[in-house]
Amino acid sequence: MRQSVKCLFFITSAIILLIGCKVNYSLSGASIPDNVKTVSIEYFENQAGLTNPNFPQIITEALRDKFISQTRLKLVNTDGDVHFRGVITGYQSTPVALTGNDQASLNRLTISVGIIYENKYDDSQNFTQSFSRFADFSASQNLSAVEDALMNEISGQLVQDIFNRAFLNW
């Protein structure tokens with residue numbers, strides 16, 4: 001009899017605990033408040049001197065895809081509950097490793113973006129921040145031959161950084 005009372009007490013406690021607690025979770029581990037239902041992401045503007053003309057679309061679509069695939073938020077064209085504006089501020093290839101003959105053996109593509117994030121319901125979450133990421137490639141390769149793959153790699157890293165800053169407070 002004692003065992004069944006303990007079991008009943010445990011089950012009742014567990015049910016009360018589950019009813020009383022509300023857990024927010026997502027596949028990404030992000031903490032998105034319940035009142036936030038929509039996200040709007042403006043097309044990234046190019047303010048860098050020289051940029052691959054495809055990069056603004058690549059990063060814009062990568063950020064949109066992140067929200068579509070990893071959150072419950074609905075993507076809207078304008079006036080989302082949370083809103084992102086982005087600009088490409090830097091896009092450059094530089095040598096990073098030199099051989100004994102002062103020739104590069106490794107080059108680096110670095111891309112920088114500026115982000116303005118606005119949360120309609122919580123102004124304390126708003127931010128303006130720069131993000132920068134890079135990818136290295138062999139100096140024996142022409143940038144144009146590897147540029148598409150590098151842009152996709154870097155945009156994925158930048159999108160993760162932006163997402164983490166907005167919803168994981170990293």
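What follows is calculated from the coordinates using simple rules that are stated; it is not laboratory data. What you see is a predicted model, and the numbers here were worked out from it, not measured in a lab. No Cβ is skipped: glycine too gets one built from the backbone with ideal geometry, and neighbour counts run over all protein chains shown.
Before moving on, here are some points about what is shown:
- Each of ARG64, ARG72 was scored by other Cβ atoms within 10 Å of its Cβ. Arranged with the fewest first, they read ARG72, ARG64.
- In plain terms, the chain from LEU106 to SER138 could stretch by 11.1 nm, reckoned as 0.36 nm per residue minus the Cα-Cα distance.
- Placing a label point 7 Å from the Cα of ASN126 along the Cα-to-Cβ line, the residues of segment 76-105 whose backbone N sits under 19 Å from it are 78-87.
- Segment ARG165..LEU75, full-extension length gain: 30.5 nm, with 0.36 nm per residue of separation and the alpha-carbon distance subtracted.
- Residues in segment 43-51 carry Karplus couplings, in order, of 4, 5, 8, 8, 10, 7, x, 10, 9 Hz; the curve used is 6.51 cos²θ - 1.76 cosθ + 1.60 with θ = phi - 60°, and Gly or Pro positions show x.
- If you take all other residues with their beta carbon under 12 Å from the beta carbon of LEU150, and give Lys and Arg +1 and Asp and Glu -1, the sum is -2.
- Partner aspartates and glutamates for LYS66 [C-alpha distance under 18 Å; skip if fewer than 8 residues away on the same chain]: GLU42, ASP81, GLU118, GLU153, ASP161
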